[in-house]
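Q: Pasting in a structure now, in structure tokens, and then I'll have a few things to ask.
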Amino acid sequence: MRPSGRKLDEMRAISIETGVTRHAEGSCLIRCGDTQVICTATVEDKPPPFLKGTGLGWVTAEYGMLPRATNTRNRREAAAGKQSGRTQEIQRLIGRALRAGVDRVALGERQIVIDCDVIQADGGTRCASITGGWVALRLAVNRLMKAGLVTSDPITDHVAAVSCGIYAGQAVVDLDYAEDSEAGTDGNFILTGRGRLIEVQMSAEGATFSREEMGKLLDLSEAGVATLVAAQKAALG
């Protein structure tokens, strides 16, 4: 039995609210159960220096967690003077994932920065950031297209992510914190809307897993991402 009472293949309640900030070119608030993340997209008219003159655009991401997003207060990383290794790893993951769904030639020499700010955490914050970050990116690109600044749609497919793992000996989808903290195996699965794999992060947390179990987790992730893509489409109307 899962702590939440959900079935093994049951996702948490998902909602995506768009246009939650006034100034960003694209924004949304994504809720996956009790995990809540604000995602915003900022369009910059020039690419990073290493891409100048190449004709290629860039999508990158920054990730942060508010001090009371968790049970106890976390010190702001700005106060510590540097980002933690975990934060750097997560924002690089978000950027890689979103770039996989973008034609950087069609985007042109500009950069889109996706900011993902966790306001409440209950597991799966990086997955929610990727799923919500794609919606913010889509909205920003829509604005570029409406303004005639790009001539063809640079977004090639949806991108979404879900966590899956082995909890109490059973393969489950969309782990909340109670499951994530006790899972024998934990993984993050990032897929396109067509079901193509972008990245899989899997590790055994004190107990190894079999190839058969890996297959079960992949099956769960495909169904989970399909649910998330449907939520993205519904949010975008």
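Readers should treat all values here as calculations from the given coordinates under stated rules, not as data from a laboratory. All values reported here derive from a predicted model rather than from experimental measurement. Don't worry about glycine lacking a Cβ; one is built from the backbone with ideal geometry, like all the others, and counts go over all protein chains shown.
Q: Which trypsin sites (Lys or Arg not before Pro) in segment 143-198 pass both tests, a DSSP loop state and at most 12 other beta-carbon atoms within 10 Å? Walk me through the intermediate numbers first.
A: Details: sites: ARG143, LYS146, ARG194, ARG196; in loops: ARG194, ARG196.
Loop-located and lightly packed - ARG194, ARG196.
Q: Are there DSSP H segments in the chain that both extend 15 Å or more along their axis (alpha-carbon positions) and score a mean Kyte-Doolittle hydropathy of at least 0.0? List them, or say none.
A: On the way: long enough: 85-99 (21 Å, -0.77); 125-146 (31 Å, 0.42); 211-236 (37 Å, 0.31).
Counting only whole DSSP H runs, the qualifying helices are 125-146, 211-236.
Q: Show me the trypsin sites (Lys or Arg not before Pro) within segment 52-101 that DSSP assigns to loop and that have at most 16 other Cβ atoms within 10 Å of their Cβ.
A: Within segment 52-101, the qualifying trypsin sites (Lys or Arg not before Pro) (loop, at most 16 other Cβ atoms within 10 Å) are LYS52, ARG68, ARG73, ARG75, ARG76, LYS82.
Q: Can you compute 3J(HN,Hα) from phi for each residue in segment 42-56, using the Karplus curve 6.51 cos²θ - 1.76 cosθ + 1.60 with θ = phi - 60°, rounded to whole Hz and x for Gly and Pro?
A: So the J values, rounded to whole Hz, are 10, 8, 10, 6, 9, x, x, x, 6, 10, 4, x, 8, x, 9.
Q: For a 31 Å ceiling on Cα separation, which of these pairs sit above it: LYS46/LYS82; LYS7/LYS146; LYS46/LYS233; LYS52/LYS82? Could you put the intermediate results ahead of the total?
A: Values: LYS46/LYS82 26 Å; LYS7/LYS146 43 Å; LYS46/LYS233 29 Å; LYS52/LYS82 28 Å.
Where the Cα-Cα span goes over 31 Å, the pairs concerned are LYS7/LYS146.
Q: How long is segment 80-200 along each principal axis, judged by its Cα atoms, biggest number first, in Å?
A: Cα extents, longest axis first: 53, 40, 20 Å.
Q: Additional query: Given H placed on each backbone N at 1.01 Å, which residues far from ALA160 in sequence or on other chains put an amide H within less than 5 Å of it?
A: Distant-sequence amide H within range of ALA160: LEU191.
Q: Suppose R0 equals 45 Å; then what is the FRET efficiency for ALA207 and HIS23 from their Cβ-Cβ distance, rounded to the nearest 0.05?
A: Numbers: r = 47 Å, r/R0 = 1.04.
Efficiency computed from Cβ-Cβ geometry: 0.45.
Q: Ok, one more. Just add up the charged neighbours of VAL135: K/R +1, D/E -1, any other residue whose Cβ is under 11 Å from the Cβ of VAL135. Could the numbers behind the result be given before it?
A: Working: positive: ARG138, LYS233; negative: GLU17.
So the environment of VAL135 carries a net charge of +1.
Q: Can you tell me the length gained on complete extension of the stretch LEU197 to ARG76, counting 0.36 nm per residue apart and subtracting the Cα distance?
A: On the way: separation 121, 0.36 × 121 = 43.56 nm, distance 3.37 nm.
40.2 nm is the gain from fully extending LEU197 to ARG76.
Q: More than 25 Å apart: what percent of Cα pairs in segment 14-236 qualify? Intermediate values should be presented prior to the final figure.
A: Details: 9635 of 24753 pairs.
Of the Cα pairs, 39 percent sit more than 25 Å apart.
Q: While we're looking at this one, here's another question. Rounded to the nearest 5, what % of DSSP beta bridges with both residues in segment 44-191 are antiparallel? Write out the running numbers ahead of the final one.
A: Values: 13 of 21 bridges.
Antiparallel: roughly 60 percent of the beta bridges in segment 44-191.
Q: If you don't mind, another one. To the nearest 20 debye, what charge dipole does segment 14-236 have about its Cα centre, counting +1 at the Cβ of each Lys and Arg and -1 at the Cβ of each Asp and Glu? Don't jump to the answer; show the numbers that get you there.
A: On the way: 24 positive and 27 negative charges, 179 e Å.
Roughly 860 debye, rounded to the nearest 20.
Q: So how do 31-38, 7-14, 42-49 stack up, highest first, on mean other-Cβ count within 10 Å? Kindly include the intermediate steps, with their values, before the conclusion.
A: Details: 31-38: 21.5, 7-14: 15.5, 42-49: 13.6.
Put in order of decreasing packing, that is 31-38, 7-14, 42-49.
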